[in-house]
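K.L.:
Structure incoming, see below.
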């Protein structure tokens, strides 16, 4: 039986997707220069503030989740032994 091939199985396609993603991110950051921001606080008007803020928030959420995993995780047999013949 032959295994089905998907379009992301080819490294060339993965590189293309990453290039498109990086290009879109760069264009969105560059567009930050061309519109007026109605900032309430001074730092909201900085170039790329919301992009940097979003990235830092995402990284912090991942790190927080990794820490919570240590606190909240349970052993594999937490609910007791499972019969093998389910």
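K.L.:
Kindly provide log₁₀ I(q)/I(0) values, in the same order as q = 0.20, 0.24, 0.29 Å⁻¹, from the Debye equation applied to equal alpha-carbon scatterers of region 18-86.
P.N.:
So the normalised log intensities are -0.95, -1.07, -1.21.
K.L.:
If each residue of separation counts as 0.36 nm, what is the full-extension length gain between residue 59 and residue 10 once their alpha-carbon separation is subtracted?
P.N.:
Extra length from residue 59 to residue 10 when fully extended: 14.8 nm.
K.L.:
In degrees, nearest 10, range 0 to 90: what is the angle between the Cα axis of helix 49-72 and the longest Cα principal axis of the chain?
P.N.:
Helix 49-72 sits roughly 20 degrees off the main axis of the chain.
K.L.:
Where does helix 11-31 land angle-wise versus the long Cα axis of the chain, in degrees 0 to 90, nearest 10?
P.N.:
For helix 11-31, the angle is close to 40 degrees.
K.L.:
At a temperature of 4 °C and a viscosity of 1.567 mPa s, determine how fast region 1-56 diffuses translationally according to Stokes-Einstein, using the Kirkwood radius over alpha-carbon pairs as Rh; express D in µm²/s, rounded to the nearest whole number.
P.N.:
The Stokes-Einstein estimate is 91 µm²/s.
Values quoted throughout were computed directly from the atomic coordinates according to the rules given, and no laboratory measurement underlies them. None of these values were measured; they are calculated from a predicted model.
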